[in-house]
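Asker: What follows is a structure written as C-alpha cells; I'll ask about it next.
The values are calculated or read from the model by the stated rules, or taken from the named source; none is laboratory data. All of these numbers come straight from a predicted model, not from anything done at the bench. Note: ideal-geometry Cβ built from the backbone for every residue, glycine included; neighbour counts use all protein chains shown.
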Amino acid sequence: MNSQTRMLSCTSLLLIVVLLGSVVQAGTIVLVDGARIEGTILKETASVVFVDIGYDVLDIPKDQIQQIVEPAPDDEPTQDDEGAISGERVSEDLYRTGDLPSASIEDLARRFGEGVVIVKSPGGLGSGFIIHPDGYLVTNFHVVENETQITINIFRKVGQVFRNEKIEDVQIIAVNPFMDLALLKFDPPEDLKVTVVYLAEDRKVNEGDTVFAIGNPLGLERTVSKGIVSKRNRAQDGLTYVQTTTQINPGNSGGPLFNARGEVIGVTNMGYRFAEGLNFAIPVRYVMDFLSNRDAYAYDRDNPNSGFQYLEAPARLNPAAPEFLLPAVNPNHDNDDVDSPS
C-alpha cells in the first residue's frame, strides 16, 4: 500500500468513526503474546479493533487480543496550571514517581526537556537529569570519573526559545562505579523553575515498548532519539541492562531513557559504536537502590573512585618461603639423596 492510498484509507476510517458516532478513547491493547499497544481506540467491531497510535491506524483482529485496558476516570492523573502531576509520590530518597498519562513523544519532550542537562568536566561531557527541585541530578559515574571540576548547562525556556545557562558550582554527592551511577547537586538560580523528571516505579518494561532518550550526543544539545525496548534484561558483567534500539552516542551517557508516559525507565550509558541499534541503559531499579543507599556511596574527594579507602596489605617480616611450602626431607638420608617428586 503506497502512502497516498494509506492516507486515504486512514481518512476514510476516521470519517466512518465520526459518522457512526463511535466513542474515541485512550486505552492499552494487550495481545495474546504479551505485547502491549497504547493508543486511541477509534472503533470496535465484532471482529476488529481500530487503534490510532499517533502516526498510523492499526486494525487488530479480536482473536489476537487478550485484554483491552481502559484508564479509570477517577485514577487518570491530571495537571494543574503549573504542570504538577496530581497524586505524585515524593520519596525521601530524593526522587518522585507518579502515574503519568500516555502522550506523544513531542509533548513529553517539550515538557521534560528542561529536566535534562549537559554535564561537563575537563575530560569531556555527558548528560544528566534532575530528580529533585533542590538541584539533585543523576548521571553516569564514568562521566565524572577522576574529575573534581564539574559544571552543568541547564536549559530554561524563555517564551518559545530555550536558553543555555552554565552553572559552575556542582558538587559530587555519591558515586557507584560498579553500577556506573553518580549523584550530583547544584544550587538552582532563584528565578529558575526547576523541571523534575519522574522515575517509573513498578512499571513493567516489555520487549517492543516505545521508548525515547533526550541527551547531548557529541555535544548536540537536547537531541531526542526514539526506539523500542529490544530486550528488557540483557545480562552483562554481572548486571542486567535494558537493551534498546534508541540511538545512544558519546555525550548521551547519563541521560534518561523515557517510556511512552515520560517516566524514566533507565539511564543511558553505553552502545556498540559499529553496530547500529545495539544500545543499553541502566534499569531504573538500580537507580532507586543507589539513591536509597547514597550514604554508603558517599563521595570522598581524596578517593574519588569510591566511597571507601582500601588499605595496602602489610608486608611479610620474614622474606623466606613458609615452611609448609618447602619440600619434605627424609631424616634417614642426606638432602642430596632426596628424590624429586615426579
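Asker: Sort through Leu58, Leu94, Leu100 and tell me the only one that's under 19 Å from Gly39 (Cα atoms), at pLDDT 85 or above and not charged (D, E, K, R). Can you show your working first?
Answerer: Details: Leu58 fails: at pLDDT 85 or above; Leu94 fails: under 19 Å from Gly39 (Cα atoms).
None of the others qualify; the one that does is Leu100.
Asker: Something else about it: Does Phe155 fit the bill of being surrounded by 15 or more Cβ atoms within 10 Å (Cβ to Cβ) and more than 20 Å from the chain's Cα centre (by Cα)?
Answerer: For Phe155, the condition - surrounded by 15 or more Cβ atoms within 10 Å (Cβ to Cβ) and more than 20 Å from the chain's Cα centre (by Cα) - is not met.
Asker: Mind listing whichever residues of segment 235-254 are surrounded by fewer than 22 Cβ atoms within 10 Å (Cβ to Cβ) and over 14 Å from the mean Cα position of the chain (by Cα)?
Answerer: The answer is Ala235, Gln236, Asp237, Gly238, Leu239, Asn249, Pro250.
Asker: Against the definition (touching a helix residue (DSSP H, G or I) at 6+ places or on another chain (Cβ under 8 Å) and β-branched (Val, Ile, Thr)), how does Val229 come out, yes or no?
Answerer: Considered against the rule, which asks whether it is touching a helix residue (DSSP H, G or I) at 6+ places or on another chain (Cβ under 8 Å) and β-branched (Val, Ile, Thr), Val229 comes out as no.
Asker: Could you list all residues from segment 109-140 that are among the aromatic types (Phe, Trp, Tyr), in contact with a strand residue (DSSP E or B) (Cβ under 6 Å, 6 or more places away or on another chain) and surrounded by fewer than 23 Cβ atoms within 10 Å (Cβ to Cβ)?
Answerer: Tyr136
Asker: Would you please list the contacts, defined by Cβ atoms under 6 Å and residues six or more apart or on different chains, that run from a residue in segment 289-303 that is surrounded by 11 or more Cβ atoms within 10 Å (Cβ to Cβ) to a residue that is at pLDDT 80 or above and charged (D, E, K, R)?
Answerer: Close Cβ pairs satisfying both conditions: Leu291/Asp93; Ser292/Asp93.
Asker: Which members of segment 103-150 meet the condition of being hydroxyl-bearing (Ser, Thr, Tyr) and either modelled with pLDDT of 95 or more or touching a Cys at 6+ places or on another chain (Cβ under 8 Å) (or both)?
Answerer: If the condition is that a residue be hydroxyl-bearing (Ser, Thr, Tyr) and either modelled with pLDDT of 95 or more or touching a Cys at 6+ places or on another chain (Cβ under 8 Å) (or both), then Ser127, Tyr136, Thr139 are the ones that fit.
Asker: When segment 233-264 is examined, which residues are found to be in a strand (DSSP E or B) and either closer than 22 Å to Asn153 by Cβ or touching a strand residue (DSSP E or B) at 6+ places or on another chain (Cβ under 6 Å) (or both)?
Answerer: Matches in segment 233-264: Asn233, Arg234, Thr240, Tyr241, Val242, Gln243, Thr244, Pro256, Leu257, Phe258, Glu263, Val264.
Asker: Provide a single number: the residues in segment 101-136 that are hydroxyl-bearing (Ser, Thr, Tyr) and over 23 Å from Asp187 (Cα atoms).
Answerer: Qualifying residue count, segment 101-136: 2.
Asker: Of everything in segment 110-157 that's in contact with a Pro (Cβ under 7 Å, 6 or more places away or on another chain) and in a strand (DSSP E or B), which residue is nearest to Tyr286 (Cα to Cα)?
Answerer: Of all residues in segment 110-157, those in contact with a Pro (Cβ under 7 Å, 6 or more places away or on another chain) come to 116, 129, 135, 141, 146-149.
So of that shortlist, the ones also in a strand (DSSP E or B) come out as 116, 129.
Values: Val116: 19, Phe129: 15 Å.
Out of the qualifying residues, it is Phe129.
Asker: Does any residue of segment 171-181 turn out to be within 14 Å of Val138 (Cβ to Cβ), surrounded by 15 or more Cβ atoms within 10 Å (Cβ to Cβ) and among the acidic types (Asp, Glu)?
Answerer: Yes, there is a match, as at least one residue in segment 171-181 is within 14 Å of Val138 (Cβ to Cβ), surrounded by 15 or more Cβ atoms within 10 Å (Cβ to Cβ) and among the acidic types (Asp, Glu).
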